[in-house]
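Colleague: Have a look at the structure that comes next, please.
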Amino acid sequence: MDALSETLRVVRLTGAIFINARFTAPWCYQSPHADAAAPLLEPGAERVVIFHLVAEGDCWAELEGEPPLRLSAGDVVVFPHGAAHRMASAPGVAPAQGRPLADVLARRPRQLAFGGGGALTRIVCGYMACDARLARMLLTGLPSAVKVNVRDSSAGEWLEASLRYALVEARSPRPGGGGVLAKLAEVLFIEVLRLYMAEAAEGRSGWLAGVRDPVVGAALAALHRTPAHPWTLEALARAAGASRSVLAERFQQLVGTAPMQHLTQWRMLLAANLLKGGPASLTRIAEDVGYQTDTAFIRAFRREFGVPPATWRRREAAAAPS
């Protein structure tokens, strides 16, 4: 199994579709920084990543200090680092002065319809919520906005049709429509990551670029598949089919850390996931993530999170929304 699949298998993502919009030109709406929207979208989430699917028509995404980004039907734009942005029928259109975001999101998915009566654009807005460390790992190296066209993929037609169906179901009296939308939001987000990885581009760096690299990708797959294994750089190089020097250099160049440093980060992310996920003992969690003693595990966890794992677990339990 590749590193992305393994990561998504063991780490929990939470997604939702929160706006189903019908705009007519001229129109523009302002989306705040994701940190401001997170408490309204997903209370308790450390990171929220917002994305928009253009289901019909054309529009533009604008970020401060960057050229406007043209979007067409089938395009999905993701803002990996949470940048505030505007979605508009044309560059420079002033944002509409609507109700506060809390009011707009009181019911989800919210049906929005406004504009000047011109050309029609339909947009579906969603988000993914995840651990801040997972977000840093997955999204480091990505630009402020990532655009892909899902209609270029074999899954695109199915995804769009499924979203249309689920949006209708979410407004029906039948139970479960919101749950279907949440799963589709997750699938759409993962498909965007896969499509971005598949696009050949020189000079890319970050964890996703590492997964795509034959040598680094093999090393990442090995680390993520068996994190409890007593890895050494030499053993990892053998698993990746490269020399230690080649692996170390390419890993640092693409991922931005040394292989053993990344292994520690991955182990700590897994440990945090296990601490939040149930009552497993510290000894069991330490063994599951590759530490032979509680002392070594507690020391590594404190270095990463600033507090011992037992303290961190109590704090997370107290902060979790009821």
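Just so you know, all these numbers are worked out from the coordinates, no wet-lab data involved. Keep in mind that what you see is a predicted model, and the values were worked out from it rather than measured. FYI the Cβ positions are ideal-geometry reconstructions off the backbone, even for glycines, and counts take in every protein chain you see.
Colleague: What number, in percent, do you get for the relative contact order of the range 15-198 if the mean sequence gap of Cα pairs under 8 Å and at least 6 apart is divided by its residue count?
Modeller: Once normalised by length, the contact order is 34 percent.
Colleague: Between the alpha-carbon centers of the range 184-215 and the range 98-155, tell me the distance in whole angstrom.
Modeller: That distance is 18 Å.
Colleague: Now, a different point. Only counting other Cβ atoms within 10 Å, I'd like Val104, Val11 sorted with the fewest neighbours first. Could you put the intermediate results ahead of the total?
Modeller: Numbers: Val104 16, Val11 19.
Fewest to most other Cβ atoms nearby, the residues stand as Val104, Val11.
Colleague: Just to confirm my numbers, what's the Cα centroid distance between the range 30-45 and the range 276-314 in Å?
Modeller: 29
Colleague: What's the exposure ranking of Phe114, Phe51, Phe23, going from fewest to most Cβ atoms within 10 Å?
Modeller: Values: Phe114 12, Phe51 22, Phe23 25.
Ascending number of Cβ neighbours within 10 Å: Phe114, Phe51, Phe23.
Colleague: Can you work out the Karplus-derived ³J(HN,Hα) for every residue in the range 254-267? Use 6.51 cos²θ - 1.76 cosθ + 1.60 with θ = phi - 60°, whole Hz, and x for glycine or proline.
Modeller: So the Karplus estimates, Gly and Pro as x, are 8, 7, x, 9, 6, x, 6, 5, 5, 4, 4, 4, 5, 4 Hz.
Colleague: Continuing with the same structure: Hey, can you grab everything whose amide H is under 5 Å from the amide H of Leu112? Only 5+ residues off in sequence or another chain; H modelled, so Pro and N-termini drop out.
Modeller: Amide H neighbours of Leu112, under 5 Å, 5+ apart: Asn20, Ala21, Arg22.
Colleague: Under a Cβ-only charge scheme (Lys and Arg +1, Asp and Glu -1), can you give me the dipole magnitude of the range 126-276 about the Cα centre, in debye to the nearest 20?
Modeller: Details: 17 positive and 12 negative charges, 72 e Å.
So the magnitude is around 340 debye.
Colleague: May I pose another question? If you place +1 on the Cβ of every Lys and Arg, -1 on the Cβ of every Asp and Glu, and leave all else neutral, what size is the dipole of the chain about its Cα centre, to the nearest 20 Debye?
Modeller: On the way: 35 positive and 29 negative charges, 163 e Å.
In total the dipole reaches around 780 debye.
Colleague: Beta carbons within 10 angstrom, averaged per residue: use that to sort the peptides 228-235, 71-78, 130-137, highest first. Before the final figure, lay out each step's value.
Modeller: Numbers: 228-235: 13.4, 71-78: 20.5, 130-137: 18.0.
Peptide ranking by packing, descending: 71-78, 130-137, 228-235.
Colleague: Residue by residue, what Karplus-based ³J(HN,Hα) values in Hz, rounded to whole numbers, does the range 223-237 have, using 6.51, -1.76 and 1.60 with θ = phi - 60° and x for Gly and Pro?
Modeller: 5, 6, 6, 9, x, 7, 5, x, 5, 10, 4, 5, 5, 5, 4
Colleague: For Glu234 paired with Arg164, estimate the spin-label separation in nm (one decimal), with each label point 7 Å from Cα along the Cα-to-Cβ line.
Modeller: Going by the 7 Å Cα→Cβ label model, 6.0 nm.
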